[in-house]
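Data first, discussion second: the structure below is written as structure tokens.
Taken together, the values in this text are just the output of simple stated rules run on the coordinates, not laboratory data. Being a predicted model, the structure only gives us computed values, none of them experimental. FYI the Cβ positions are ideal-geometry reconstructions off the backbone, even for glycines, and counts take in every protein chain you see.
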There are 2 protein chains.
Amino acid sequence: MYQHHPLIPGFLFNGLACGIKKNGEKDLGLIFSERPAVAAGVFTQNWVKAAPVILTQKKLEKKKCQAVLVNSGNANACTGKKGMDDARKLVSEVAGLLKIPSELVAIASTGIIGEFLPIRKMISQLPPLCRGMGSEKIVEFAQAIMTTDTKEKIIYRQKDIKGKKIIIAGIAKGSGMINPALATMLGFILTNAAIKPTSLLALLKEVDEVTFNRITVDGETSTNDMVLMLANGMAENQPFTKSSSEQTGFKGMLFEVMEELALKILQDGEGVTKVIEIRVEKARNKEEANTIARSIANSPLVKTSFFGEEANWGRIMAAAGKTKYKIIFDKVDLFINQIPIVQKGVILGSKNEKKVQKEMTKKSISITLTLHQGNQKASIFTTDLSTDYVRINAGYKS
Amino acid sequence: MYQHHPLIPGFLFNGLACGIKKNGEKDLGLIFSERPAVAAGVFTQNWVKAAPVILTQKKLEKKKCQAVLVNSGNANACTGKKGMDDARKLVSEVAGLLKIPSELVAIASTGIIGEFLPIRKMISQLPPLCRGMGSEKIVEFAQAIMTTDTKEKIIYRQKDIKGKKIIIAGIAKGSGMINPALATMLGFILTNAAIKPTSLLALLKEVDEVTFNRITVDGETSTNDMVLMLANGMAENQPFTKSSSEQTGFKGMLFEVMEELALKILQDGEGVTKVIEIRVEKARNKEEANTIARSIANSPLVKTSFFGEEANWGRIMAAAGKTKYKIIFDKVDLFINQIPIVQKGVILGSKNEKKVQKEMTKKSISITLTLHQGNQKASIFTTDLSTDYVRINAGYKS
């Protein structure tokens, strides 16, 4: 399915180094749609929002977008009025060069918090950035938005829907545990499909909830997280209508693109040696299942035991029990990679323990906690917590 | 103030090795009061509670206690009906040996979760444990309750209150980040003062709230946490009455003992290189101040940056912003060891940054975040997150 250089009709890309990153790597990227696209976005829930987040969130209210400028290496967060002025200035320069209205240009940043953007350097590189755009330059763009990601993240799907070739491409950068900034997750989902503006936002939110919103590395929320989706309609399909089979098919593609991107982000997290799925089942309600799953997923003691490849199920039980949601622990069953280890709150024999111990050496592990107090479930993906995570985030001390 | 072998009138102690710990260290301890003492306890909020927690919590409803049996090396948690039977059996054996009713014997455990107690070994050592008790053996007791603590933790205060020599001794074991069990905090506060049963519980809860409840190492809640307070009345004082100057004086002593124990626990946490106080000021309400302070205190990115001795204030701002409580970040001021670093959400000059950078090398650091949206405040003590924390909790892997 995956192609190295997918082309998405009507979308052009570029990425280059403008000097924000001291190591000379690419740090400025651009997406351009030949037609104004229907657009939707989901943004960080953090109360401390970076200037580009505030600005782009405002622009997206009109549900239209034609270009997205992204820089890495500097988050333009906690930069006050000057930070907002800088973001506006960049948007207006790009709009001028692309000869489109400023309202149609979105902006995103990722990198160090609390430093002003090197605005002159950036502006001087905007003309070559715009001039050099090409439909094949998605990789250059994907590289330009990386921070400590070790590789670019692009996922591509295509499918015939009612005789039209519909394409979705997703590009993301991950929670690379970057020092000294916060890890930021950026995602850009591009499609040639035609979708109604309100449907697009609903669809993005729905799929985001079960993909990007189900991954956690350390329970942190960046000041700069943003997922933008642009649908330029070049496929000339009839816009999907709600709950039609066409939209269902499209949603399936979107889910695959976003879930694969989310898992790529986890796998590429700095210091990550394992990806762990935490499933909580038979809870009284979704919120309960979700809260307990997150409590396990963000527990440092659970995460370090996975790094150590130890089946420390006591820590899982304790993390499950520490939320406000009551669990009756002598009803609870626990499975690791489908192997039962705890039944009705009590450890099973050493035979099961040995089997589970073997599973702990795998790269991908699932935990299922069955509460037996209702019929709702939730699932969260997390990673282990390694000495490398600490080393990287402590600025390589130790 | 601190004495190496404080005596508390009417209290006897002992500690010995019964073979729970494989390294032959002390693992069984006893506190005995010559008179039945007025007693109160605070217990883990985790829904997954160890057998001794459930049993002692029930006993304490009668607000009386004369003996406390404590073992380390095994938490007796997630052990089902057998675990509860074991705890009851131990209590009844101790009661028989000490010739007191079973109702007056409390029990606490700390160590590995999910293994049954080696009950025979333990019972065989109860006679020498009871026979060998002495008023000077508080250190033996303090050693017997340790897990990965590197030293015993005893705090002692005395004061003349209305002509009576009132003594409080506190013994605790810490959140030593023990592998493979969860870290458990146990505290035992003993006094010769006479206090009314209801006053004692109110007092313990009040002081606990501002001492033990203000420390966090990793946001985990053990299945076994317990703080017990016994007041045997041997000082023959008139029981303190509420809001009397006597009770205020006593509360002051109690606060000092419990705060010092709490800080000792933090300082002795495995892998800890720094103790950090997080103060949140000018919040709209206590809950808001407390939630934001805890969000900062439990942020892996904040904690790793302290380990790395980097003044990474952006992480502090982001951790403050990720709770449900809205903060208006362009109003927020941030101080590190009283030096201003962020004013109205924007970083101050590099001169301040350099000063703050110097403070980061200290062992004890305070962060003050002033929200300017109300008049309430909260303060939480935390530690850094080091590579050693991960190493120890991953079973020394890496």
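Just a few scattered comments:
- In sequence order, the range B:269-279 has phi-based couplings of x, 5, x, 6, 10, 9, 10, 10, 9, 10, 10 Hz under the Karplus curve 6.51 cos²θ - 1.76 cosθ + 1.60, θ = phi - 60°, and Gly or Pro positions carry x.
- The range B:130-253: C-alpha gyration tensor shape, a/c 1.5 cut-off, then a/b vs b/c: oblate
- Remark: mean inter-chain Cβ contacts per residue of B:299-311 equal 6, using a 10 Å Cβ-Cβ cutoff to other protein chain atoms.
- Spin-label pair A:LYS251/A:SER102, simplified geometry with 7 Å Cα→Cβ offset, distance in nm: 3.9
- Residue exposure sequence - A:LYS173, B:LYS331 - by fewest surrounding Cβ within 10 Å: B:LYS331, A:LYS173
- For the range B:1-120, the pair-distance distribution built from all alpha carbon pairs, in bins 5 Å wide starting at 0, is 2, 11, 21, 23, 20, 14, 7, 2, 0, 0 percent.
- For a label point 7 Å along the Cα-to-beta-carbon line of B:ASN375, residues of the range B:264-293 with backbone N under 17 Å: B:281-289
- In this structure, A:VAL139 and A:SER92 have a Cβ-Cβ separation that, at R0 = 35 Å, corresponds to a calculated FRET efficiency of about 0.80.
- By average C-beta atoms within 10 angstrom, highest first, the peptides B:42-54, A:93-105: B:42-54, A:93-105
- Per-pair calculated FRET efficiency, R0 = 25 Å: A:LYS355 and B:ASP85 via Cβ, rounded to 0.05: 0.30
- Using the Karplus relation 6.51 cos²θ - 1.76 cosθ + 1.60 with θ = phi - 60°, the per-residue 3J(HN,Hα) values for the range B:310-327 come to 10, 7, 8, 5, x, 5, 5, 4, 5, 5, 5, x, 8, 8, 6, 7, 5, 10 Hz, with x marking Gly and Pro.
- Of all lysines in the structure, those lying under 21 Å Cα to Cα from A:LYS358, and not within fewer than 8 positions of it along the same chain, are A:LYS274, A:LYS303, B:LYS397.
- Couplings 3J(HN,Hα) for the range B:30-39, derived from phi with the Karplus relation 6.51 cos²θ - 1.76 cosθ + 1.60 (θ = phi - 60°), are 9, 10, 9, 10, 4, 10, x, 9, 5, 9 Hz, where x marks Gly and Pro.
- Nearest-to-axis residue of chain A, judged by beta-carbon position, where the axis maps A onto B, in Å: A:THR387, 2
- Of all DSSP bridge pairs formed entirely within chain B, close to 70 percent run antiparallel.
- Cα gyration tensor shape of the range A:275-393, rounded if a/c is under 1.5, else prolate or oblate by comparing a/b with b/c: oblate
- Inter-copy separations for A:SER244, label at 7 Å along Cα-Cβ, nm, ascending: 8.3
- 7 Å along Cα→Cβ, label-point gaps from A:LYS81 to other copies, nm, shortest first: 7.3
- In the structure shown, the pairs A:LYS282/B:LYS49; B:LYS22/B:LYS64; B:LYS121/B:LYS205 are assessed against 30 Å; a Cα-Cα span above that value is assigned to B:LYS22/B:LYS64; B:LYS121/B:LYS205.
- Order of B:ASP85, B:ASP388, A:ASP208 - criterion: other Cβ atoms within 10 Å of each residue's Cβ, fewest first: B:ASP85, B:ASP388, A:ASP208
- Across peptide A:45-55, the mean count of Cβ atoms from other chains lying within 10 Å of each residue's own Cβ comes to 4.
- Peptide packing for A:375-382, A:186-193, A:15-22 was compared via the average number of neighbouring C-beta atoms within 10 Å per residue; ordered from the highest value, the list is A:186-193, A:375-382, A:15-22.
- One decimal place: the segment A:LYS22-A:SER124 gains 35.0 nm when fully extended, by the rule 0.36 nm per residue minus the C-alpha distance.
- Shortest-first nm distances, B:GLN57 label point to equivalent points in other copies (7 Å, Cα→Cβ): 4.0
- Degrees between helix A:119-131 axis and first principal axis of chain A (Cα, 0 to 90, nearest 10): 80
- Rounded tilt (10° steps) of A:80-98 against the dominant C-alpha axis of chain A: 60
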